[in-house]
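Data block below; observations after.
The values are calculated or read from the model by the stated rules, or taken from the named source; none is laboratory data. Bear in mind that the values here come from a model prediction, so they are computed numbers and not experimental data. FYI the Cβ positions are ideal-geometry reconstructions off the backbone, even for glycines, and counts take in every protein chain you see. These area figures cover heavy atoms from the full protein model, side chains too; ligands, DNA and RNA do not enter into them. Shrake-Rupley method; radii C 1.70, N 1.55, O 1.52, S 1.80 Å.
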Amino acid sequence: MSFGTISVIGLGYIGLPTAAMFAESGKTVVGVDVNEETVNTINCGQVHIVEPDLDVVVKRVVEQGLLKATTVPEPADAFLIAVPTPFKGSGHEPDLSYIQGACRAIAPVLKKGDLVVLESTSPVGATEQVSQWLQSERPDLVFPANIGDCPDVYVAHCPERVLPGQVMRELIENDRVIGGVTPRCSERAVQLYRAFVKGECVITNARTAEMAKLTENSFRDVNIAFANELSVICAELDINVWELIGLANRHPRVNILQPGPGVGGHCIAVDPWFIVSKTPELARLINISRVVNDDKPGWVLDKVKEKIDQYLSDNPGKLAQDVTVACYGLAFKANIDDLRESPALSIAESIVASHHGEVLSVEPNVECLPSSCSSLVLADVKDAQKDAHVHVLLVDHVEFQDLYREDTMKYFVDTRGIWVNS
Ligand code: SAJ
């Protein structure tokens, strides 16, 4: 049985590109989002997020009548849930309330033969929980619980694994891990993704699929923590950490990632906690790696203060309020405009809060900052280079690669190793 209509619940960084891909493959797609503005924007053929090529595809499929958005779910043959899974309150426990809300929203329109796929990054056990939530909403239908079940509605997990900035290509090319609550659920989900996925669709169970996604991002987090710890040790021992890592990586079985100002984004800095919160006594390395990476912005701030003090002691008569600091980059990584959970942004804001002089923030990928960043003043890169006394490189955007001038930028902190190695 093929899937005539596909519904995608949550039209954010993953949901919208996925909806656009299914529509591009010829499927009729109904996107659902609680935000009316998002729905209206998409129905005008426009996008509310920045991702290369997404705007062109959305415009095309909306014009062709293959994609429409709505705030209320409609009947479909497959439902993909791509809503956020943030933390509860200020702790590190996953908050599944958005997923539960999506289950409640689609339950009334579910029918026999439908497939429900959870794409949101989730703690182990969430997909089984989805099946239970749907079961309690719809006692007239049978949802899967045990291997061997013959359910009316199939439920599976298929975590998204695409890299921001390369989403449209990776959605097609990446392998997909597909874990059904039962093997039949997995098979149905594979049939669905075959519509546009050229990578392999590898079948496992729901719990392993959930853990696979958390493992990928935790692997990266642990490796970055190792690099960040090395950077702190090397600064103490007066060693260039980037040269060191380059040398160590010449070994055929060593592949260390790069240190930075901390780990940002909404995935790598979040997902390892989903493992830690489930098994706090056992996930020791994963836990300490999170702490190492979260401590890095504080270490960078100390280095910036040292540079300001150095400038003041070299320039007697100057006061802290006479010192202009420039921060280069606010996004959470290179060459994107995404400021979410960005260590660069939080470092710039902390400098503004603690420094008595002017602070200039340079972010070439953003035209104006959101209202939540009201303490920051956006500056042109050339003005910052000319006017600042202390220069802080926070993101390795392409625009900053050749910026360093030995004669005029004596006081600098380079968190990404692009100036110290130039
Ligand atoms: N970072 C470093 N050093 C490095 C690599 C990255 O400090 O050597 C920092 C970046 O600057 C950034 C953070 O880590 O602040 C995360 O960036 P990233 O490029 O490692 O990852 P994301 O968050 O953009 O995307 C990740 C990807 N996961 C993996 O590579 C295992 C992506 O494939 C996932 O789909 C995505 O998380 C997600 O949605 O989970």
### Query
Does ALA19 satisfy the criteria of being touching a residue at least 12 places away in the same chain (Cβ under 8 Å), small (Gly, Ala, Ser) and either closer than 17 Å to VAL72 by Cβ or open to solvent by 40 Å² or more (accessible area, probe 1.4 Å) (or both)?
yes
## Note on the structure
Restricting attention to the stretch 350-395, the residues that are open to solvent by 10 Å² or more (accessible area, probe 1.4 Å), in contact with a strand residue (DSSP E or B) (Cβ under 9 Å, 6 or more places away or on another chain) and part of a helix (DSSP H, G or I) number exactly 5
### Message
Within the stretch 76-86, does at least one residue satisfy the condition of being at pLDDT 95 or above, open to solvent by less than 50 Å² (accessible area, probe 1.4 Å), charged (D, E, K, R) and in contact with a strand residue (DSSP E or B) (Cβ under 7 Å, 6 or more places away or on another chain)?
### Response
yes
### Query
Would the stretch 129-150 turn up any residue that is touching a strand residue (DSSP E or B) at 6+ places or on another chain (Cβ under 9 Å) and either under 28 Å from LEU54 (Cβ atoms) or among the charged types (D, E, K, R) (or both)?
yes
### Query
If you take the residues of the stretch 207-229 that are of a type in the set (Val, Ile, Thr) and surrounded by fewer than 23 Cβ atoms within 10 Å (Cβ to Cβ), which of them is farthest from the ligand (Cβ to nearest atom)?
THR208
### Query
On the given criteria, is ARG188 among the basic types (Lys, Arg), open to solvent by less than 60 Å² (accessible area, probe 1.4 Å) and touching a residue at least 40 places away in the same chain (Cβ under 8 Å)?
yes
### Query
With respect to ASP140, is the statement that it is assigned to a loop (DSSP other than H, G, I, E, B), more than 14 Å from the ligand (Cβ to nearest atom), surrounded by fewer than 21 Cβ atoms within 10 Å (Cβ to Cβ) and at pLDDT 95 or above true?
yes
### Task
Kindly provide the set of residues from the stretch 261-290 that are free of Cβ contacts under 8 Å to residues at least 24 places away in the same chain and either closer than 15 Å to ASN217 by Cα or in a loop (DSSP other than H, G, I, E, B) (or both), ordered by number.
THR279, PRO280, GLU281, LEU282, ALA283, ASN287
### Task
Consider only pairs whose beta carbons are under 6 Å apart and that are at least six residues apart or on different chains; among these, list those whose first residue lies in the stretch 111-135 and is touching a residue at least 24 places away in the same chain (Cβ under 8 Å) and whose second residue is hydroxyl-bearing (Ser, Thr, Tyr) and surrounded by 24 or more Cβ atoms within 10 Å (Cβ to Cβ).
LEU115/TYR154; LEU118/THR127
### Summary
Subset of the stretch 261-291, residues buried (at least 18 other Cβ atoms within 10 Å of the Cβ) and among the polar types (S, T, N, Q), comes to ASN287, SER289
### Query
Residue check, SER90 against (1) part of a loop (DSSP other than H, G, I, E, B); (2) in contact with a helix residue (DSSP H, G or I) (Cβ under 9 Å, 6 or more places away or on another chain), all met but one. Which one?
(2)
### Query
Taking LEU247, is it free of Cβ contacts under 8 Å to residues at least 12 places away in the same chain and over 20 Å from the mean Cα position of the chain (by Cα)?
yes
### Every pair of residues 6+ apart whose Cβ atoms lie under 7 Å, when the first sits in the stretch 207-231 and is assigned to a helix (DSSP H, G or I) while the second is open to solvent by 70 Å² or more (accessible area, probe 1.4 Å) and more than 8 Å from the ligand (Cβ to nearest atom)
VAL222/LEU285
### Task
Consider ARG176 carefully, then state whether it is open to solvent by 30 Å² or more (accessible area, probe 1.4 Å) and either closer than 23 Å to ASN255 by Cα or modelled with pLDDT of 95 or more (or both).
no
### Task
Taking the residues in the stretch 40-61 that are in contact (Cβ under 8 Å) with a residue 40 or more places away in the chain and aliphatic (A, V, I, L, M) as candidates, determine which candidate is surrounded by the fewest Cβ atoms within 10 Å (Cβ to Cβ).
VAL50
### Task
Identify all residues within the stretch 369-392 that are within 23 Å of LYS318 (Cα to Cα) and among the basic types (Lys, Arg); write none if there are none.
LYS386
### Message
Can you say whether GLN258 is within 11 Å of the ligand (Cβ to nearest atom), surrounded by fewer than 19 Cβ atoms within 10 Å (Cβ to Cβ) and either among the charged types (D, E, K, R) or in contact (Cβ under 8 Å) with a residue 12 or more places away in the chain (or both), as far as the supplied structure shows?
### Response
yes
### Query
With respect to the numbered conditions (1) at pLDDT below 95; (2) more than 21 Å from ALA82 (Cα to Cα), which one is the sole condition not fulfilled by ASP152?
(1)
### Query
Does ASP294 meet the test of being open to solvent by 70 Å² or more (accessible area, probe 1.4 Å), under 30 Å from LYS213 (Cα atoms) and not in a loop (DSSP other than H, G, I, E, B)?
yes
### Query
Identify, please: which residue in the stretch 320-330 is surrounded by fewer than 24 Cβ atoms within 10 Å (Cβ to Cβ) and closer than 18 Å to VAL381 by Cα and is, among those, farthest from the chain's Cα centre (by Cα)?
VAL323
